[in-house]
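Report on the structure given below.
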Amino acid sequence: MRWIWIDKFVEFESGKRAVSIKNVSLAEEHLHDHFPGYPIMPQSLMIEAMAQTGGILVGEARNFQEKVILAKVTKAIFSDLARPGDQLRLEAVVENLAEEAATIVGTITCGERRIAEIALMFSHIDKNLAGMEFPEENFVFNDQFMSLLQFYRPREASPAQN
Amino acid sequence: MTLSREDITAKIQETLADALGVDEEEVVEDATLMGDLGAESIDFLDIVFRLEKAFEIKIPREELFPGDNVLNNAELVDNGKVTPEGLKTLKTQLPHVDFSEFEKDPDLNKISDLFTVKSIIDYVASKVA
């Protein structure tokens, strides 16, 4: 992943569901343009946050061996705004997990407020070549991503360190 | 539980409407998935997933829609046209599809017209029978 747009996972059931956290901060530059004097998190970036949550969930299920690419935004319904200071909770649940693709359904909440319902489809692109060839190296779950993952894993293993 | 053709049709209309973001009224039997309903290649997989769930069936990947094994095979496609050999393979692979129009001019670009709502209904009907 070239950039990471979620802050951490708080729940992770391999191949089933994951819950991540995204903190919305006024330090994010785009909020000053979206919109001037009325900063709200762009809905496209809420989809991105869900795509990362679901994409990592789907990737982990195959031990990060597949190149997992967002292929389709099946549904995206927004019912409330996300503003600076909000802590978004993104829950992704695997609906289908097959050789060549996967689908998830997700909800975004902030405290008691329901912000969005998002359903996504991911392609394992090496299994959907359609005559194209992709680089051998995994450019989705690249070295940078895998080393970041290492940073998180020891903490999971030793809860005493909180 | 035996499903009537009407039951199957209704369920498929709902499934396709959800998968493709169209109105159920648009999902008529002779509508083509790509031309009329705007499906793209990734939607075909989505449709397969949804049909499997809706009808509790297993759909082998090459059965409902043709895969790369045919369309990228030089012996089965020549100069943008499906060869007689290719047509034979497709017919065997996709018994639920009506090839009568396509046969007259087996242009690869027209292959998407083969996949109509009716072809899916026929396929599912044969699976749940």
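The values are calculated or read from the model by the stated rules, or taken from the named source; none is laboratory data. Since this is a predicted model, take the numbers as computed values, not measurements. FYI the Cβ positions are ideal-geometry reconstructions off the backbone, even for glycines, and counts take in every protein chain you see. Please note that ligands, DNA and RNA were not included when accessible areas were found on the heavy atoms of the full protein model with its side chains. Shrake-Rupley method; radii C 1.70, N 1.55, O 1.52, S 1.80 Å.
Inside segment B:1-19, residues that are surrounded by 17 or more Cβ atoms within 10 Å (Cβ to Cβ) and touching an Asp or Glu at 6+ places or on another chain (Cβ under 6 Å) make up a count of 2. Quick one: what pairs do we get from segment A:22-36, first residue under 12 Å from A:Arg83 (Cα atoms), second part of a strand (DSSP E or B) and aliphatic (A, V, I, L, M), C-beta under 9 Å, 6+ apart or different chains? Partner pairs satisfying both residue conditions: A:Lys22/A:Leu88; A:Lys22/A:Leu90; A:Lys22/A:Ile108; A:Asn23/A:Leu88; A:Val24/A:Leu88. Given the criterion over 15 Å from the mean Cα position of the chain (by Cα), open to solvent by less than 40 Å² (accessible area, probe 1.4 Å) and modelled with pLDDT under 95, identify the matching residue among A:Glu28, A:Glu66. None of the other options fit; the residue is A:Glu66. Taking segment A:1-15 as the range and being surrounded by fewer than 13 Cβ atoms within 10 Å (Cβ to Cβ), part of a loop (DSSP other than H, G, I, E, B) and modelled with pLDDT of 95 or more as the test, only A:Ser14 passes. In segment A:69-109, of all residues being open to solvent by less than 60 Å² (accessible area, probe 1.4 Å) and part of a loop (DSSP other than H, G, I, E, B), the one that is farthest from the other protein chains (Cβ to nearest Cβ) corresponds to A:Pro84. Being more than 14 Å from chain A (Cβ to nearest Cβ), at pLDDT 90 or above, surrounded by 13 or more Cβ atoms within 10 Å (Cβ to Cβ) and under 15 Å from the mean Cα position of the chain (by Cα) is true of B:Val28.
Would you pick out the residues in segment A:7-56 that are out of contact with any Asp or Glu (no Cβ under 9 Å at 6 or more places or on another chain) and either within 24 Å of A:Glu137 (Cβ to Cβ) or acidic (Asp, Glu) (or both)? Answer for segment A:7-56, where residues must be out of contact with any Asp or Glu (no Cβ under 9 Å at 6 or more places or on another chain) and either within 24 Å of A:Glu137 (Cβ to Cβ) or acidic (Asp, Glu) (or both): A:Asp7, A:Glu13, A:Glu28, A:Glu29, A:Asp33, A:Glu48, A:Ala51, A:Gln52, A:Gly54, A:Gly55, A:Ile56. Residue count for segment B:37-62, restricted to those that are more than 13 Å from the chain's Cα centre (by Cα), acidic (Asp, Glu) and in a loop (DSSP other than H, G, I, E, B): 1.
Looking at segment B:70-108, which of its residues are within 14 Å of chain A (Cβ to nearest Cβ), open to solvent by 40 Å² or more (accessible area, probe 1.4 Å) and either assigned to a helix (DSSP H, G or I) or in contact with a helix residue (DSSP H, G or I) (Cβ under 7 Å, 6 or more places away or on another chain) (or both)? Correct list: B:Leu71, B:Leu108. The set of residues from segment A:110-147 being under 16 Å from the mean Cα position of the chain (by Cα), surrounded by 13 or more Cβ atoms within 10 Å (Cβ to Cβ) and either in a helix (DSSP H, G or I) or within 12 Å of chain B (Cβ to nearest Cβ) (or both) comprises A:Ala119, A:Leu120, A:Met121, A:Phe122, A:Ser123, A:His124, A:Phe145.
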